[in-house]
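Accompanying notes for the structure given below.
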Amino acid sequence: MDANHNVIRKFIEIPEKFFSELTNQPFSHCIDCNAHLLDKGTSYYIEKVIKQYKKLNTYDVIYEYAICASCCNKLASQYSQTSLENIQNYFLNHTDFLVRRHELLAYENIDINQWIDNCVIRGTSIHDLEEYQMACHCFGDKMVLDIFPFIIGGEALEEIVKLLSNQTLDIISDFKRNKLLSPTEPYPVNTDYPLLFV
């Protein structure tokens, strides 16, 4: 997914929802190359997978990480062309990010919850999702409001997984196994879900 479309970007402070669960602070380093991310103008992405336990009124962060734009592009370049086209077409057919962004920025006061209260694909309320992925795009110590931030529920993520080639699935699984640890759970992270920043 390409966030570099020709629109005027709006920047806000990074909400605590996108802080590291381990440190309760903003992510400071790229998970892949360890580059410092909070320098002004440094482009990077944050992604979290959340599992909710509604009856217990609690949740686990299954995994979380930040990755710089350079490492993100390097990883995406290993995806098969078929997978990239399938992902792009899936989003084009299920949502209009530019319209969504225009509508959300029309509010006088920016409320980040309006951006992540519903699955961007199915519209399901975040409160009704058992599991979801959330992602945002940042520059230094600021979050940019463009096609990000958004959340995608588990059902939509499963649909996306079915569109990925075995080559792409292997790349994603290797990346997660080698780089990601759960901040709250001792079990291996889910290696099936796609990475949302492509």
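Data overview
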item	result
The chain - mean residue ellipticity at 222 nm from DSSP helices (-39,500 (n - 2.57) per run, n ≥ 4, rounded to 500)	-8500 deg cm²/dmol
Point-to-point label distance, Phe19-Asn113, nm (Cα→Cβ direction, 7 Å offset)	1.8 nm
Proximal charge balance of Lys142 [Cβ under 10 Å; K/R count +1, D/E count -1]	+1
Simple label model, 7 Å out from Cα along Cβ direction - Asp170 to Glu103, nm	4.1 nm
Contour minus Cα-Cα distance for Ser77 and Lys54 (0.36 nm per residue)	4.5 nm
Backbone HN-Hα couplings from phi across region 79-94 [Karplus 6.51/-1.76/1.60, Hz, Gly and Pro as x]	5, 5, 4, 4, 4, 4, 5, 5, 4, 4, 5, 4, 5, 4, 7, 10
Among Gln114, Tyr65, Ile171 the positive-end extreme of the charge dipole of region 10-179 (Cβ point charges)	Ile171
Of Lys48/Lys176; Lys10/Lys51; Lys17/Lys51; Lys17/Lys162; Lys74/Lys176; Lys48/Lys179, pairs whose Cα-Cα distance is over 18 Å	Lys10/Lys51; Lys17/Lys162
Descending principal axes extents, the chain, alpha-carbon based, whole Å	44, 38, 38
Contact order relative to length of the chain, as percent, for alpha carbon pairs under 8 angstrom and 6 or more apart	30 percent
Long-range amide H partners of Ile31 with built H, under 5 Å	Ala66, Ile67, Cys68
Projected label distance in nm at Ser70 and Phe11, using a 7 Å step from Cα toward the beta-carbon	2.0 nm
Charge dipole (debye, nearest 20) of the chain; +1 at Cβ of Lys and Arg, -1 at Cβ of Asp and Glu	240 debye
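Since every read-out is calculated from the coordinates, none of them should be taken as a lab result. Just so it is clear, the model here is predicted, and its values are computed rather than measured. In this analysis, Cβ positions are derived from the backbone assuming ideal geometry, glycine residues included, and neighbour counts consider all displayed protein chains.
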